1. Got a number for residues in the stretch 29-44 being at pLDDT below 85 and surrounded by 17 or more Cβ atoms within 10 Å (Cβ to Cβ)?
2. From the residues in the stretch 67-107 that are in a strand (DSSP E or B), under 30 Å from residue 28 (Cβ atoms) and of a type in the set (A, V, I, L, M, F, W, C), which one is modelled with the lowest pLDDT?
3. Which pairs have Cβ atoms under 9 Å, sit 6 or more apart or on different chains, and link a residue in the stretch 31-43 that is on the phi > 0 side of the Ramachandran plot to one that is assigned to a loop (DSSP other than H, G, I, E, B) and modelled with pLDDT under 90?
4. Could you please give the count of residues in the stretch 66-76 that are exposed (fewer than 12 other Cβ atoms within 10 Å of the Cβ) and either of a type in the set (Ser, Thr, Tyr) or touching a Pro at 6+ places or on another chain (Cβ under 9 Å) (or both)?
5. For the stretch 56-65, does any single residue satisfy the condition of being surrounded by fewer than 12 Cβ atoms within 10 Å (Cβ to Cβ), modelled with pLDDT of 75 or more, out of contact with any Pro (no Cβ under 7 Å at 6 or more places or on another chain) and more than 23 Å from residue 168 (Cα to Cα)?
6. Restricting to the stretch 145-164, name every residue that is within 9 Å of residue 112 (Cα to Cα) and in a strand (DSSP E or B).
7. I'd like the full set of residues that are of a type in the set (A, V, I, L, M) and either touching a residue at least 40 places away in the same chain (Cβ under 8 Å) or in a loop (DSSP other than H, G, I, E, B) (or both), limited to the stretch 44-66.
8. Check off (1) within 20 Å of the chain's Cα centre (by Cα); (2) of a type outside the set (Gly, Ala, Ser); (3) buried (at least 16 other Cβ atoms within 10 Å of the Cβ); (4) more than 18 Å from residue 54 (Cα to Cα) for residue 105 and give me the number that stays unchecked.
Amino acid sequence: MFVNCLLRNLRPQLPETNQLCSTTRQILADQYLWIFGDSTFSTDINPMHTFTTPGNYNVCLYAANSCEESVVCQNVNVLPTSIREIEQGIFVSPNPAKDNMFVTFSNENNVWKKFEILDITGRVILSNVINNSRLEIDLKGIVDGVYVITLLSPNEPSHSVKFVIQGNN
């Protein structure tokens, strides 16, 4: 069976979405293993993958059939999705988000103690303590719209980034 999925023909749709989509050429294989370099993998023929944090990732595709196997790797540089994120060191992905959102930030000296998610009227929708520099936030039950996540510290000015929830209605 011919399928579409050779790594060197990837055209990453980055930095805008932090998503890696394969544009492909035909090869003869019946087993696939994509290793995305961020501790995740897929056995799909043409996977779509969202990187949750900016950085350099070595993405590899292992393709095989009953006669042979082949591996192709490519370095993918995932960039922040906005200038404001770069300035404040807060990275939200995916954006727009649906069920879950990942927030990464520098938290040297454990400065950030709490986060709040506010709707466009300023009402706090969700609030919680910060235990490390990477948050996974469950957005199920929050209606579609534009929101702001704010990192709070008793001794530092707050930092905020706008994000969108889309597809929860």
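The values are calculated or read from the model by the stated rules, or taken from the named source; none is laboratory data. Computed from a prediction, not measured in an experiment: that's the story for all the values here. Heads up, the Cβs are rebuilt from the backbone with ideal geometry, glycines too, and the neighbour counts pull from every protein chain shown.
1. Number of matching residues: 1.
2. Filtering first and then ranking leaves 76.
3. From residues that are on the phi > 0 side of the Ramachandran plot, the pairs are 37/51.
4. 1
5. Yes, there is a match, as at least one residue in the stretch 56-65 is surrounded by fewer than 12 Cβ atoms within 10 Å (Cβ to Cβ), modelled with pLDDT of 75 or more, out of contact with any Pro (no Cβ under 7 Å at 6 or more places or on another chain) and more than 23 Å from residue 168 (Cα to Cα).
6. 151, 152
7. 45, 59, 61, 63
8. It is condition (4) that residue 105 fails.
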